[in-house]
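Some notes on the structure that comes next.
The values are calculated or read from the model by the stated rules, or taken from the named source; none is laboratory data. These numbers come from a predicted model, not from an experiment. Backbone-built Cβ (ideal geometry, glycine too); neighbour counts: all protein chains shown. Note: accessible area is taken over every heavy atom of the protein model, side chains too, but ligands, DNA and RNA are not part of it. Shrake-Rupley method; radii C 1.70, N 1.55, O 1.52, S 1.80 Å.
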Amino acid sequence: MNINIVLLIIIAANVMISIKGFSDHLFFDKYKFQIGAIIRGEKVRMFSSAFLHVDYMHLILNMYVLYIFAPQIILNLGVLKFLILYFGSLVAGSVLTLSYHKKELYYTAVGASGAVAGIIYAAILLNPAMQLFMFPLPIPIPGYIFGIGYLVYSIYGMKNKLGNIGHAAHLGGSVGGYALMLLVHPEVFLQSTSTVILLGIPIVLLLVFGKRFL
């Protein structure tokens, strides 16, 4: 099977389900991430919400980033490991969001950001020297610096409730992508040892001192 087909299917599913949600509010409300509904037993929302988006800009941004980073994962690791990384990061983002916002019964969220964040982190571990842009910096920075900055910003955003952004999903997806990459491709320990350590430090600190940070 052509490996690019898998990526195109995921993108197509996001596009079709999101467009359905744009015009069908009942459909959108039924499958979006909502704490109260999930606690009542509607666990499918933890998965389905990652295929819905707020608007076209939200959808295009997530799919564009996925299209940029996913091919190198597929090329180097294969389809199966890519799917493990994508859907594992999706679940990790939803689990952290549920845990962090569990007392906010009306908290809602949608978007593939958690899964996409995990793919970005996996790609950084594969190629730490890649050059990435991080707003508002006008110049590209090495991938490992981007990764650390992204984690710190997500933690800060969660604590201070910055904007209408699912920072918990971003953080959970990033950590999920990092951990799963080490699991499905342990060779990265030898290939990118310093990057594994640098990206691992804030994650370990978060796990140990999470309550203080968040």
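Here is a check on your reading of the model: is Leu66 open to solvent by 50 Å² or more (accessible area, probe 1.4 Å) and farther than 10 Å from Gly177 by Cα?
Spelling it out, it is not the case that Leu66 is open to solvent by 50 Å² or more (accessible area, probe 1.4 Å) and farther than 10 Å from Gly177 by Cα.
Spot the failing condition for Val54; the list is (1) modelled with pLDDT under 95; (2) open to solvent by 30 Å² or more (accessible area, probe 1.4 Å); (3) under 20 Å from Ala168 (Cα atoms); (4) part of a helix (DSSP H, G or I), and only one is missed.
(4)
Kindly indicate which of Tyr106, Tyr100, Tyr31 is at pLDDT below 95, over 30 Å from Gln191 (Cα atoms) and in contact with a Leu (Cβ under 8 Å, 6 or more places away or on another chain).
Going through Tyr106, Tyr100, Tyr31 in turn, just one is at pLDDT below 95, over 30 Å from Gln191 (Cα atoms) and in contact with a Leu (Cβ under 8 Å, 6 or more places away or on another chain): Tyr100.
Which numbered condition in (1) modelled with pLDDT under 90; (2) open to solvent by 10 Å² or more (accessible area, probe 1.4 Å); (3) over 22 Å from His53 (Cα atoms) is the only one that Lys81 fails?
(1)
Please verify whether Asn127 is open to solvent by 60 Å² or more (accessible area, probe 1.4 Å) and within 18 Å of Leu7 (Cβ to Cβ), treating the condition exactly as stated.
Yes.
Show the residue pairs meeting these rules: Cβ distance below 8 Å; 6+ apart or different chains; first residue within region 186-204 and in a helix (DSSP H, G or I); second residue open to solvent by 70 Å² or more (accessible area, probe 1.4 Å) and of a type outside the set (Ser, Thr, Tyr).
Val196/Phe189; Pro202/Val152
Need pairs with beta-carbon distance below 6 Å; first residue under 16 Å from Leu8 (Cβ atoms) and within region 71-87, second among the aromatic types (Phe, Trp, Tyr) and crowded, with 17+ Cβ neighbours inside 10 Å; sequence gap 6+ or separate chains.
Ile73/Phe82; Ile74/Phe82
So in region 11-51, with the set limited to residues that are within 24 Å of Lys103 (Cβ to Cβ) and basic (Lys, Arg), which one is most open to solvent (accessible area, probe 1.4 Å)?
Taking the candidates together, the pick is Arg40.
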